[in-house]
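K.L.:
Please read through the structure below; I'll follow up with questions.
The values are calculated or read from the model by the stated rules, or taken from the named source; none is laboratory data. All values reported here derive from a predicted model rather than from experimental measurement. As a convention, Cβ positions derive from the backbone with ideal geometry for all residues, glycine included, and neighbour counts pool all protein chains shown.
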Amino acid sequence: MKASFLLLAISFLTGIPSVEAQEEVHQPRILILPYTATGQNALEEYETSFAYRTAVTEVARAMNDRGFRPDDLQEILAHVKENEAISTLQGVAFDPIERILQYSTADILVRTEVYIHTDDSGANSVQINLRAVDKVSSKAMYAMNFDATPHFKTDDYGYLARRALTESDQISQFIEGLNASFSDVRLNGRSVSCIIERGDLSRTSLSDVMNEEYDLLADILIDWVRLHAFKGNFRVRTNTENQLYFDEIRIPLQDEDGRNVLPDDFAESSENTLVRSVRIIWVSGCLCPDRL
């Protein structure tokens, strides 16, 4: 019997330590990335508006002052423009965010919304919202909306952004939320989610008996996950003859020698083990059980 299965989705929640644990596990690198929820091009705003760019820079500075290592967004943009032979990101045919992520070494993206309000008297106010997400999976890690500053008759947007971040020590609250997420990853491992579906040309389903012990193919896959999930932590959301969906599998953050375990490391060990039941092919971090 031959079976063809396609892993439709696999995502990794990168395990990141808190600042306090940076001697045990690598300290996370972050990228402060301009973002808007309204559809407005935040990168164009970052390029063209000094006030907006100054506020975003203050977020990076605040994170750096508190032990994080932000990538230099302006330097990354310079590399993108140089390689694309362009002077501005306006009207480009490619996805600028995708290019930026290719150049960034960050583990975490801090999507930064900046709103600059000017009242009728000409006084300015700044509001900042931060959303921390995993760079690989885009899974949310922590989010916080900061209070807007009072209106001041000043064009010093750096001062306004710093005040928005530090009023009532809100930036520390945001970092504490991030550290709580990091602590969970250190304790419980990284999170992997995947969907395995029966291929259109498959003559075997996930509910077919595969051996003399009457194990179903889905049972074989679940047993392997149960054996290798970190601390046995995993969760099956859907198990039918056509689909097996693990909405969470935990993998270890470090190996026995204290080195960080990357998703590719786990993929390599998984391939060697699962080949007994299905032929495993790993492509760009995706697991594709190809043929039985």
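K.L.:
More than 30 Å from residue 251 (Cβ to Cβ) and surrounded by 15 or more Cβ atoms within 10 Å (Cβ to Cβ): does that describe residue 171?
P.N.:
So residue 171 passes the test.
K.L.:
Among 165, 89, which is the only one that is modelled with pLDDT of 95 or more and either outside the structural domain of residue 235 (by TED's automatic domain parsing) or within 22 Å of residue 70 (Cα to Cα) (or both)?
P.N.:
165
K.L.:
Given the structure, is residue 190 touching a strand residue (DSSP E or B) at 6+ places or on another chain (Cβ under 7 Å), within 30 Å of residue 64 (Cβ to Cβ) and charged (D, E, K, R)?
P.N.:
When the stated conditions are applied, residue 190 passes them.
K.L.:
Out of all the residues in the range 223-259, which are buried (at least 17 other Cβ atoms within 10 Å of the Cβ) and not in a strand (DSSP E or B)?
P.N.:
Within the range 223-259, 225, 228, 229, 230, 252, 253 qualify.
K.L.:
Okay, moving on. Residues of the range 62-73 being in contact (Cβ under 8 Å) with a residue 12 or more places away in the chain and over 20 Å from the mean Cα position of the chain (by Cα), which ones?
P.N.:
Result: 62, 66.
K.L.:
Residue under question is residue 162, and the condition is that it be touching a residue at least 60 places away in the same chain (Cβ under 8 Å), in a loop (DSSP other than H, G, I, E, B) and more than 17 Å from the chain's Cα centre (by Cα); does it hold?
P.N.:
In short, no.
K.L.:
Taking the condition of a type in the set (A, V, I, L, M) and at pLDDT below 95, does residue 126 pass?
P.N.:
Judged against the criteria, residue 126 is not a match.
K.L.:
Condition first: part of a loop (DSSP other than H, G, I, E, B) and of a type in the set (Phe, Trp, Tyr). Can you find one or more residues in the range 106-120 that meet it?
P.N.:
Within the range 106-120 (the criterion being part of a loop (DSSP other than H, G, I, E, B) and of a type in the set (Phe, Trp, Tyr)), the answer is no, since none of the residues qualifies.
K.L.:
Oh, and also: Restricting the search to the range 14-41, which residues are within 30 Å of residue 87 (Cβ to Cβ) and either of a type in the set (D, E, K, R) or at pLDDT below 90 (or both)?
P.N.:
Answer for the range 14-41, where residues must be within 30 Å of residue 87 (Cβ to Cβ) and either of a type in the set (D, E, K, R) or at pLDDT below 90 (or both): 29, 36, 37, 38, 39, 40, 41.
K.L.:
Only one residue in 177, 189 is surrounded by fewer than 19 Cβ atoms within 10 Å (Cβ to Cβ) and of a type outside the set (S, T, N, Q), so which one is that?
P.N.:
177
K.L.:
Between a first residue in the range 30-52 that is in contact (Cβ under 8 Å) with a residue 12 or more places away in the chain and a second residue that is among the basic types (Lys, Arg), which pairs have beta carbons less than 6 Å apart while being 6 or more apart in sequence or on different chains?
P.N.:
Here the result reads 33/111; 35/111; 46/53, each pair linking the range 30-52 to a residue that is among the basic types (Lys, Arg).
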